[in-house]
Amino acid sequence: MKDYIQYLEEVLGLQKVMISDLNSKAEAEPVKTQFFSARGPFESPEMIHRELVFLNILTQAKESFFLPEVRDLFDKMKAAMKLRNIQVLELDCTVEDRSLLPSELAKFCESKVVVVFSSFPKDLGEMIFKGPGKWIETYSPAYLLEDAGAKKVVWNDLQKVMKELSL
């Protein structure tokens, strides 16, 4: 819950956030992984099927997909990939343990390919089977705004995704 309030204040710019009637059970069991869409915390009551998932790991609020300067670059990246008629899901996430990320995502989403964006990618550029699909980790659009030299690396990684999806 604390991460959600921080998201509302830092990312969406709300001055003061007050949420009452917090569930004591939720406070007792901290959430280790949280997903966010452009509308805020993401929850899906049923399984979602997408061909491609863009998952952006947040370490700072300024890295969100949904900030205008990051969004602009991310939209250009997607346009270059020519993602016509491809079902895509875009999520920001906070995570304590990256090794749990595939199982956390698999609770509500199945996809052919997951692109994990991070300022500190672990398996940079490697297409790895995790769960029902393949995962590839590369630099985030926010990172590219600070280090334009990494754009070539990211483009090479996105071309691997395009090949996997036959684009």
**Message:** Please list, in order along region 93-109, the HN-Hα scalar couplings obtained from phi with the Karplus expression 6.51 cos²θ - 1.76 cosθ + 1.60 (θ = phi - 60°), rounded to whole Hz, x for Gly and Pro.
**Reply:** 8, 10, 8, 8, 10, 4, 5, 8, 4, x, 6, 5, 5, 5, 5, 9, 8
**Message:** Taking 0.36 nm per residue of sequence separation and subtracting the Cα-Cα distance, how much length would be gained by fully extending the chain between GLU110 and ASP72, in nm to one decimal?
**Reply:** 11.0 nm
**Request:** Give the value in nm², to one decimal: projected area of the alpha carbon convex hull of region 43-167, averaged over all directions.
**Result:** 7.3
**Complete:** With 0.36 nm assigned to each residue of separation and the Cα-Cα distance removed, LYS152 to SER44 gains 35.4 nm
**Neighbour-count ranking [beta-carbon atoms within 10 angstrom, fewest first] of TRP155, TRP135** = TRP155, TRP135
**Prompt:** So how far apart, in nm, are the two label points at LEU100 and ALA61 if each is 7 Å from Cα heading toward Cβ?
**Reply:** 2.4
**Asked** Packing-wise, with mean Cβ within 10 Å as the measure, how do 64-74, 107-117 rank, highest first?
**Response** 107-117, 64-74
**Prompt:** Once both labels are modelled 7 Å past Cα along the beta-carbon direction, what's the LYS82-LEU167 spacing in nm?
**Reply:** 1.0
**Item:** Residue-wise HN-Hα coupling along region 144-152, computed from phi with Karplus coefficients 6.51, -1.76, 1.60 (Hz; x: Gly, Pro)
**Value:** 5, 5, 8, 9, 5, x, 7, 4, 5
**Asked** So, in nm, how far is label LYS122 from label GLN159 when the simple model puts each one 7 Å beyond its Cα toward the Cβ?
**Response** 2.7
**Asked** Are any of the pairs LYS78/LYS163; LYS32/LYS82; LYS78/LYS130 more than 26 Å apart by Cα-Cα distance, and if so, which?
**Response** LYS32/LYS82
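Quick note: the coordinates plus some simple rules give every number you see, no bench work behind them. Computed from a prediction, not measured in an experiment: that's the story for all the values here. Methodologically, a virtual Cβ is constructed for each residue, glycine included, from the backbone with ideal geometry; neighbour enumeration extends over all protein chains shown.
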